[in-house]
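Everything below concerns the one structure shown next.
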Amino acid sequence: MRWLSMRQGNGRLVAAYAVALGVAYLALGAVELALGLHNLLWCSENASLAGIVPTDILGGFASLVTGATFLSAISVLRGVRESWGYVIVGLFLSAVFGVLYMLIVGADGLSTWLSYVAGEGDWTWEWLTSGSAGPGLLRPEIWLFLASLPLAHLTLRALKQFNVLRGRRAQA
Amino acid sequence: MEKVVVALIGNPNVGKSQIFNNLTGGRAHVGNWPGKTVEKKEGKCVHKGVELHIVDLPGTYSLTAHSIDELIARNFIVEEKPDVVVDIVDASNLERNLYLLLQLLELEANVVVALNKWDAAKSLGYEINVDELSRLLGVPVIPTVATEKMGMEELKDAILEAAKRKERRKNIVKYGEPFDGIISEIASILQKDGELSSKYPMRWLAIKVLEADEEVMKTVSKSPVYDELKLKLEEAKKVLGEDMEIALAERRYSIIAETIVPRVLTGARPLTLTDLLDKAFLSKHLGIPIFLALWWALFRFAFDVSAPFSDMLSMLFTELGKFVSSGISDPQLASFIADGIFGGLGTVLSFFPPIFFLFLGLAMLEDSGYLPRAAFVMDRLMVKLGLHGRSFIPMLLGFGCNVPAVMATRTIEKEEDRILTILVNPLMSCSARLPVYLLIASAVLGPWAAAATYSMYILGIALAILMAKLFRTVIPYFKGKPSPLIMELPLYAVPTVRTTLIHAWERGRLFLRKAGTIILLVVILSWFLSNYPWEAVHQNGEFVIENSYIAQLGRLLEPYFRPLGFNWMAVVALFFGFLAKEAVVGTFATMLGVSEEEASSALASAGVFTPLTGFAFMAFTLTYTPCMATLGAIYRETNSWKWTIFAVVYELALAYLVALGIVTFGRLLGFT
């Protein structure tokens, strides 16, 4: 069975990669959430970690969900075919938030330019590293999204190989 | 000529109409079912010297009494007793379609199965053992491809053969103990009533009694054996639990999944991308968190990514106002044009980008096939909390506009469920309220602006569920449990740019239309009230709004809102918000006498709100009295002043309590 071979070869690599991403997202989400709660309950100032991990309760929650989705892909190792869905949805969530934060950084840039044109402020490049997305392009979700691209490539190749994308069943 | 009455039944979209046309040659008599607005189609054909009179029953997933379609189909089989019932089963979706078939067998109908879309099943890689399926179910099974008229002659032969069949297999569906024992005991009680036993299959009637089927219960409540039956039902509840309908439905699905499908479908089950995605999106544990995470992403997209586009619109309207007013010498007219029209309307229109972005994101989720999954995932929670499963779709629509959302409740069959959904629907935060959140949040909530806005949507959902639960518990009219949700989940698809943009524009256009009509009128009215008496308000070039008519109105109402920390300006804004919620923003801008660009900063510097009272104001805006248009829709859909007034009163009271709760607990926690 080809699904079995996926379980042993490619499947193992994909599951390991997904679990590694899952752990990274969980850690990130936990820190974002903790900083956010700390900021809300005890401090009035932004308590960003090293200027990279933002204080973001709901963003942290989203990262936790992404991490948990990736971690659920571990059952791919047990040969549960449908569990590839966790890898795909994990990649989807990773892409949604990675692209979202990049768009927010872009929007910050546009706002800075508009202020400059209207004569309300100077032109600076600060929006690249500080703004609505927290640390701008340094936001970890963007880098984790980029780190997930090789996994997306591996997953897409596997799905094409087994005709899943065309709704065909796996051939023995 | 010998005549055989044949009923065609099947799930929606299984090719039933195509088979009807193939059998009758497309010649049909179309009318309505007696007393209903549901279409009834009948036709004839002659096969081997026998006339087949074919009746097309409405498409249905089951034979419960939850919808008119189901009831029509069921009553026809029970009361008209057709000679043969042809169940059209989608071979490419066997598992789901077998549910209706099991119910037909329980009804002891003389069933012939047309296994349609045989070619589609083959192309998906399904291998269906037709003989085994026929043996397991005890009925003839004929593979067909309606679009190619394949299997039609065989189907007609099978119909004639079945019509001649004298004996039918009974008790095909075995639920196992303790179900079967209890069903037999109830059936033996019902058997004592000669009238019932001559009309209905006893085992089916017993199952319906256990399911507390409304129509059946009406019938058996008149029976002399009803008292004995009630005692038995109480005993059964102790063994099977309160919700026996769900328990029996689950048993049927497990019979299909464990007993029938594994023996009939050989080879591996085809795996599709939809299967894989549903594994995560419909996951028991991850389904709801994924939905909430995507919802959060949608709000950041709508709030943050659209911001520069709002700035562009603000700049445009400011310049337009300055340009037009510079050419007018009369100060009153210049103020009216610049501040009243361009200022107020510009403020409102600058909120078009976030609304359009919100709809763009929603359209992407809808066109991809995810939104029905969101409804499915949330249904489990909603039914547990007393709200009907189908309510979720109108609730989702409520995020756009409550008017079409209230109208969409027509899909809910039971009137109690429908009115309950209508009453709580205005608590879903419509797009009109978004500009208010954006204005207040950006004015006083700083980095928490997006989170506060998002929390309004969560608060709306929570309040809707809470109120539904409360009404279900305390108002006798709503007592009882909601009927279960059955819905078809479409395949996932990649949304196209064109259709997504069209969907977003169609919804966003409603906001623009409103901005150009009712909001403009409100803005003009609020400009007039805040600028007159002219001499008293405009003193030596200074704008003294405290002397205006609007300030007098606000001060009159202010004492009632003082416990919430709202000053007269906030009260006036809420007053105009009753006409249209968006008008709150324009009213603030006019009262502050600033351009739309400065509305947020002016609101902050005017000290109208603290972060805490600002958040409470947002919650009040979310919750209080629906706008005029929504009230009109509520009256039309409920046809009752009683429920319309009830909606106004309870939401106003709820808004007050929620805002008071936020302010009180916030202060206790040390917030200002």
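The values are calculated or read from the model by the stated rules, or taken from the named source; none is laboratory data. The model shown is predicted, which means the values in this text are computed figures rather than measured ones. Here Cβ is always computed from backbone atoms with ideal geometry, including for glycine, and neighbour counts include all displayed protein chains.
Beta carbons closer than 7 Å, at least 6 apart along the sequence or on distinct chains, pair a first residue in region B:296-311 that is more than 7 Å from every other protein chain (Cβ to nearest Cβ) with a second that is of a type in the set (Phe, Trp, Tyr) for B:Phe299/B:Tyr454; B:Ala302/B:Phe357; B:Ser306/B:Phe357; B:Ser310/B:Phe351. Considered as a group, the residues in region B:627-649 that are at pLDDT 90 or above and of a type in the set (Val, Ile, Thr) include one that is surrounded by the most Cβ atoms within 10 Å (Cβ to Cβ), and that residue is B:Thr644.
Let's see how each residue does on (1) surrounded by fewer than 21 Cβ atoms within 10 Å (Cβ to Cβ); (2) among the basic types (Lys, Arg):
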site	(1), (2)
B:Glu416	yes, no
B:Pro426	no, no
B:Leu439	no, no
B:Trp448	yes, no
B:Met456	no, no
B:Leu466	yes, no
B:Lys469	yes, yes
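When the residues of region B:278-293 are narrowed to those that are within 7 Å of chain A (Cβ to nearest Cβ) and within 30 Å of B:Tyr437 (Cβ to Cβ), which ends up surrounded by the fewest Cβ atoms within 10 Å (Cβ to Cβ)? Restricting to residues being within 7 Å of chain A (Cβ to nearest Cβ) and within 30 Å of B:Tyr437 (Cβ to Cβ), the top hit is B:Pro289. Under the condition of being within 7 Å of chain A (Cβ to nearest Cβ), out of contact with any Ser or Thr (no Cβ under 9 Å at 6 or more places or on another chain) and surrounded by 20 or more Cβ atoms within 10 Å (Cβ to Cβ), which residue from region B:261-277 is farthest from B:Gly593 (Cα to Cα)? Only one residue tops the list, namely B:Leu271. The single condition among (1) more than 32 Å from the chain's Cα centre (by Cα); (2) among the charged types (D, E, K, R); (3) more than 14 Å from every other protein chain (Cβ to nearest Cβ) that B:Glu211 does not meet is (1). Within region B:260-277, is even one residue among the acidic types (Asp, Glu) and assigned to a loop (DSSP other than H, G, I, E, B)? No: region B:260-277 contains no residue that is among the acidic types (Asp, Glu) and assigned to a loop (DSSP other than H, G, I, E, B).
Just one of the listed residues (A:Gly98, A:Gly109, A:Gly90) is at the interface with chain B (Cβ under 9 Å from one of its Cβ atoms) and buried (at least 19 other Cβ atoms within 10 Å of the Cβ), namely A:Gly90. When we screen B:Ser325, B:Ser283 for residues that are at pLDDT below 85 and not hydrophobic (A, V, I, L, M, F, W, C), the only hit is B:Ser325. Sort out which residues of region A:72-87 are within 10 Å of chain B (Cβ to nearest Cβ), without any contact (Cβ under 8 Å) to a residue 60 or more places away in the chain and assigned to a helix (DSSP H, G or I), and write them in order of number. A:Ser72, A:Ala73, A:Ser75, A:Glu82, A:Ser83, A:Gly85, listed by residue number. Scanning region B:191-221 for residues that are of a type in the set (Ser, Thr, Tyr) and either touching a residue at least 60 places away in the same chain (Cβ under 8 Å) or loosely packed, with under 15 Cβ neighbours inside 10 Å (or both) gives B:Ser197, B:Ser198, B:Tyr200, B:Ser221.
Of all residues in region B:539-573, which are polar (S, T, N, Q) and not in a helix (DSSP H, G or I)? Answer for region B:539-573, where residues must be polar (S, T, N, Q) and not in a helix (DSSP H, G or I): B:Gln539, B:Asn540, B:Ser548, B:Asn567.
Residues are listed down the side, and each one gets a yes or a no for (1) under 17 Å from B:Val261 (Cβ atoms); (2) modelled with pLDDT under 90; (3) not assigned by TED's automatic domain parsing to the domain that holds B:Val85:
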position	(1), (2), (3)
B:Lys117	yes, yes, no
B:Ala121	yes, yes, no
B:Glu153	no, no, no
B:Ile172	yes, yes, yes
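Here the condition is being within 21 Å of B:Ile341 (Cβ to Cβ) and under 33 Å from the mean Cα position of the chain (by Cα); of B:Val494, B:Val585, B:Val572, it holds for B:Val585 alone. Taking the numbered list (1) away from chain B (no Cβ under 12 Å); (2) surrounded by 18 or more Cβ atoms within 10 Å (Cβ to Cβ); (3) of a type outside the set (Lys, Arg) in turn, A:Leu114 passes all entries but (1). The residues of region B:317-328 that are in contact (Cβ under 8 Å) with a residue 24 or more places away in the chain and either buried (at least 22 other Cβ atoms within 10 Å of the Cβ) or more than 10 Å from chain A (Cβ to nearest Cβ) (or both), listed by number, are B:Phe317, B:Leu320, B:Gly321. Would you point out the residue of region B:473-482, among those that are surrounded by fewer than 21 Cβ atoms within 10 Å (Cβ to Cβ) and in contact (Cβ under 8 Å) with a residue 60 or more places away in the chain, that is nearest to B:Leu349 (Cα to Cα)? Only one residue fits best here, namely B:Phe478.
Against the conditions (1) more than 24 Å from the chain's Cα centre (by Cα); (2) crowded, with 22+ Cβ neighbours inside 10 Å; (3) of a type in the set (A, V, I, L, M, F, W, C), B:Ala619 satisfies every one except (1).
To keep it simple, each residue is scored yes or no on (1) at pLDDT below 80; (2) among the polar types (S, T, N, Q); (3) within 15 Å of the chain's Cα centre (by Cα).
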residue: B:Leu360; (1), (2), (3): no, no, no
residue: B:Leu365; (1), (2), (3): no, no, no
residue: B:Arg390; (1), (2), (3): yes, no, yes
residue: B:Pro394; (1), (2), (3): yes, no, yes
residue: B:Gly400; (1), (2), (3): yes, no, yes
residue: B:Pro404; (1), (2), (3): yes, no, yes
residue: B:Lys414; (1), (2), (3): yes, no, yes
residue: B:Met428; (1), (2), (3): no, no, yes
residue: B:Leu438; (1), (2), (3): no, no, no
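It is to be established whether one or more residues within region A:131-153 are assigned to a helix (DSSP H, G or I), within 11 Å of chain B (Cβ to nearest Cβ) and under 25 Å from B:Leu365 (Cα atoms). There is at least one residue in region A:131-153 that is assigned to a helix (DSSP H, G or I), within 11 Å of chain B (Cβ to nearest Cβ) and under 25 Å from B:Leu365 (Cα atoms).
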